[in-house]
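Asker: Structure below; questions to follow.
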Amino acid sequence: MKHVALSEAWTGVADCKNCTIRNAVLFAGLKETDFDALHRPIDQIIYPAGAQIYGTGDEAKTLFTVRSGLVKLTQYLPDGTQRIVRLLHQTDLFGLEALIEDAYPHTATALHDTELCRLPVDVVRDLSRASSGLYHELMARWHRALSSADRWITEFSTGSSRDRVVRLLLWLSEPEDGGRCALFSREDLGAVLGLTTETASRTMAELKRHGFISEPKPNQIVCDTVRLRRLVDG
């Protein structure tokens, strides 16, 4: 784990200077004076694929920004099955519940090797009280999270199994050039889309067989995004 002082995060010392997402993170719009009275560090930490970041019911005292990688938020149903309610990638902020609740409502797990910035919730609270800019940025990120939740309901939980898989592949490939995306297990794929593992696997196999996607390495997908969009656009 690497500790980065708040002053370093602003002035660009250490990794923050070369951070590719610096202009998109929560503190991007703050001024140097906003950090003067604060001495708590921001932790930069890498979680290996499969590592749990926090569990449902754990004490909520930290916010997280995704620097790289992919994180899933999972809820467990009464019968013990899991449902992935959200995926988070680079620049996404999560753990916002820590600002108003004592415990996390989801389990957060790294799907790939994932680098995070961990932000102490008391630091964020203090800064948001002192800075109207940060307060408005927090509200904007709440709104973004709600909009993302709406998208998950409308795009990834409705329609045919093929359409759900295609929409998710297009979403995963949005940040990358060439239609590439790193996928994950078929079990997790089903848990994201409300499908059985068998249905998710069969749908992926059909898309590969008809040339809509290729998989040069396990879970490394290359999408023909033009043809995939035609599938879901009709």
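Asker: From the residues in the stretch 167-205 that are within 19 Å of the chain's Cα centre (by Cα) and of a type in the set (S, T, N, Q), which one is surrounded by the most Cβ atoms within 10 Å (Cβ to Cβ)?
Answerer: In this case the residue turns out to be Ser173.
Asker: Could you please find all residues in the stretch 145-189 being of a type in the set (S, T, N, Q), farther than 14 Å from Val85 by Cβ and assigned to a loop (DSSP other than H, G, I, E, B)?
Answerer: Thr158, Ser160, Ser185
Asker: Shifting gears a bit: With the requirement that a residue be surrounded by fewer than 19 Cβ atoms within 10 Å (Cβ to Cβ), in a strand (DSSP E or B) and of a type outside the set (D, E, K, R), what does the stretch 51-70 give you?
Answerer: Residues satisfying the conditions are Gln52, Ser68.
Asker: Filter the stretch 71-92 down to the residues that are open to solvent by less than 30 Å² (accessible area, probe 1.4 Å) and farther than 16 Å from Arg118 by Cα and list them by number.
Answerer: Result: Lys72, Leu73, Thr74, Ile84, Leu87.
Asker: For the stretch 127-146, does any single residue satisfy the condition of being modelled with pLDDT of 75 or more and open to solvent by less than 40 Å² (accessible area, probe 1.4 Å)?
Answerer: no
Asker: Among the residues of the stretch 108-117, write down those that are closer than 11 Å to Thr74 by Cα and in contact with a Leu (Cβ under 7 Å, 6 or more places away or on another chain).
Answerer: Ala108
Asker: Counting only residues that are open to solvent by 60 Å² or more (accessible area, probe 1.4 Å) and under 19 Å from the mean Cα position of the chain (by Cα), which one in the stretch 147-166 is modelled with the lowest pLDDT?
Answerer: Within the stretch 147-166, the match that is modelled with the lowest pLDDT is Asp150.
The values are calculated or read from the model by the stated rules, or taken from the named source; none is laboratory data. It should be emphasised that the depicted structure is a prediction, and the values quoted were computed from it without experimental measurement. No Cβ is skipped: glycine too gets one built from the backbone with ideal geometry, and neighbour counts run over all protein chains shown. Note: accessible area is taken over every heavy atom of the protein model, side chains too, but ligands, DNA and RNA are not part of it. Shrake-Rupley method; radii C 1.70, N 1.55, O 1.52, S 1.80 Å.
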